[in-house]
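I have placed the structure first, in the form of structure tokens, so that the comments after it can refer back to it.
What follows draws every value from the coordinates through simple rules; no lab data is involved. Not measured: the values here are computed from a predicted model. Positions of Cβ are backbone-derived with ideal geometry, glycine not excepted, and every protein chain shown enters the neighbour counts.
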Amino acid sequence: MAETYVEINLSALSHNARVLTEKYNDYDYLIGVVKADAYGHGYEAAKALHRGGVGYFAVSSMEEAARFREVLPDVPLLMLQPIELERLNEAYEMKLTLAIGDREYLHRFIVLSKNYYFKVHLQVDTGFNRLGFKDRSELGAAFDALTAAGHTVEGVYQHFATAGIFDPHFDEQVRRFSELVSALDLKKIEMVHMGSGVSLLGHEKIPLANCARMGMVMYGYNVSPSSYGGGLKNRLRTLRDRYFQKKYRLSPIIRDVELDLIPAMTLKSRVIALKKVRKGEYVGYDCLYRADEDITVAVLPVGYNNGIGQKNLGRMVEIGGRLYPVIGAVGMNMSIVKVDETVKVYDEAILLGGRITLGMFSRSADMTLAEALLSVGKNNERIYIDSEGEKIWR
Ligand SMILES: *Cc1c(COP(=O)(O)O)cnc(C)c1O
């Protein structure tokens with residue numbers, strides 16, 4: 001087995017799914033976003049999420065859809081991006097729900113889909129300027145054309161460009177959404193969804209929406225906005241926010257949502273060597289670290305080849321329950337850690353997970369949370385553990 005690998009805890013994923021579907025049961029549907037190889041967890045993760053109560057999923061590409069279908073052949077699956085229409089037959093065989101958000105594309109779809117039946121979600125663009133109809137009458141015409149052609153418009157949705165934490169753009173998008181979907185009879189459309197995890201946790205339910213999409217949060221990361229800490233400066237920030245909230249009539253923000261989530265991914269490695277370094281000696285590439293006393297260092301066979309990034313802005317690893325700093329630059333396949341006498345060769349080291357939160361990890365690597373998660377998940381061998389079924393496999 002590889003010395004460095006990611007462990008995916010499937011029972012944690014089922015648990016998170018249960019927590020979220022219970023907490024947000026005022027939504028009729030929650031869509032689990034499992035694009036990008038289920039955020040680096042692999043499609044076994046989708047099965048665990050499904051077991052925990054997520055009943056609808058979404059991916060980006062046909063290749064992802066195919067891998068999803070290997071584990072969940074019949075669960076509804078929405079494509080977040082327009083598929084190549086030459087592949088309509090494949091999409092039909094895979095029972096995919098398609099997203100349509102463009103007039104030209106719609107017309108080609110209507111012509112090519114004559115011998116098929118599809119469920120479709122209409123995409124609406126309210127200010128992201130990526131995918132979706134921006135025009136109210138085009139949206140209404142799309143509904144009519146699809147219905148006339150025998151397809152079912154099952155959903156309508158948009159995507160937020162911002163988290164809506166004191167920015168008027170979020171509320172503007174909500175307003176614009178209502179305006180655009182007034183072209184549709186929403187009683188005839190089963191699913192109306194607007195946001196992702198951040199808006200689900202950080203905002204009150206928008207009355208129009210009966211469905212929300214969620215990614216990061218299902219994998220165990222609480223993406224709700226947090227309160228400012230104590231102190232005068234933070235009290236002033238709170239007052240300033242309240243002022244802007246009133247002045248621009250921004251929708252309220254829900255902070256510090258309590259959710260009992262368990263991060264599902266752990267990146268593990270092992271100590272492969274220990275070395276004494278004398279006071280004054282340098283460690284690693286470019287002599288970035290100089291020992292200011294006699295120290296012991298441990299070598300871990302994990303580097304930027306394992307998706308941890310090359311930067312070291314205060315990276316820590318956990319060995320035997322204690323935290324130790326990575327010193328010097330991160331190498332392609334190795335890292336050097338300043339340890340103490342308690343650490344032995346072959347001890348397990350945790351680079352992400354355990355006491356190392358994704359926040360800590362991503363800050364030390366100068367990545368965003370999602371980027372860090374994907375990078376680690378996609379660049380390592382995976383093992384799956386499942387305490388509910390007591391299974392471990394690769
Ligand atoms: C990725 C994605 C999501 C999930 O976002 P999270 O921030 O991970 O919750 C939701 N909707 C769309 C359209 C997406 O592309």
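Of all the listed residues (Val19, Val6, Val111, Val75), the sole one being part of a helix (DSSP H, G or I), β-branched (Val, Ile, Thr) and more than 16 Å from the ligand (Cβ to nearest atom) is Val111.
Here Leu323 passes the criteria (1) part of a loop (DSSP other than H, G, I, E, B); (2) surrounded by fewer than 15 Cβ atoms within 10 Å (Cβ to Cβ); (3) not aromatic (Phe, Trp, Tyr) except the one numbered (1). Could you please find all residues in segment 154-168 being away from the ligand (no atom under 13 Å from the Cβ) and not hydrophobic (A, V, I, L, M, F, W, C)? Once the filter is applied, which keeps residues that are away from the ligand (no atom under 13 Å from the Cβ) and not hydrophobic (A, V, I, L, M, F, W, C), segment 154-168 yields Glu154, Asp167, Pro168.
The number of residues in segment 243-291 that are at positive phi, surrounded by 10 or more Cβ atoms within 10 Å (Cβ to Cβ) and assigned to a helix (DSSP H, G or I) comes to 1. Within segment 185-230, which residues are in a helix (DSSP H, G or I), within 14 Å of the ligand (Cβ to nearest atom) and of a type in the set (A, V, I, L, M)? Selection gives Val198, Leu200, Leu201, Met216, Val217, Met218.
Does at least one position in segment 316-335 carry a residue that is within 19 Å of the chain's Cα centre (by Cα) and touching a residue at least 12 places away in the same chain (Cβ under 8 Å)? Checked segment 316-335: no residue is within 19 Å of the chain's Cα centre (by Cα) and touching a residue at least 12 places away in the same chain (Cβ under 8 Å). As a summary of the residue check, Tyr27 satisfies the conditions (1) in contact with a Cys (Cβ under 8 Å, 6 or more places away or on another chain); (2) of a type outside the set (Val, Ile, Thr); (3) crowded, with 20+ Cβ neighbours inside 10 Å except for the one numbered (3).
Residues that are of a type in the set (Ser, Thr, Tyr) and surrounded by 15 or more Cβ atoms within 10 Å (Cβ to Cβ) were ranked within segment 122-153; the one that is farthest from the ligand (Cβ to nearest atom) is Thr152. Could we say that Gly359 is surrounded by fewer than 20 Cβ atoms within 10 Å (Cβ to Cβ), farther than 13 Å from Tyr304 by Cα and touching a Ser or Thr at 6+ places or on another chain (Cβ under 7 Å) here? Answer is no for this residue.
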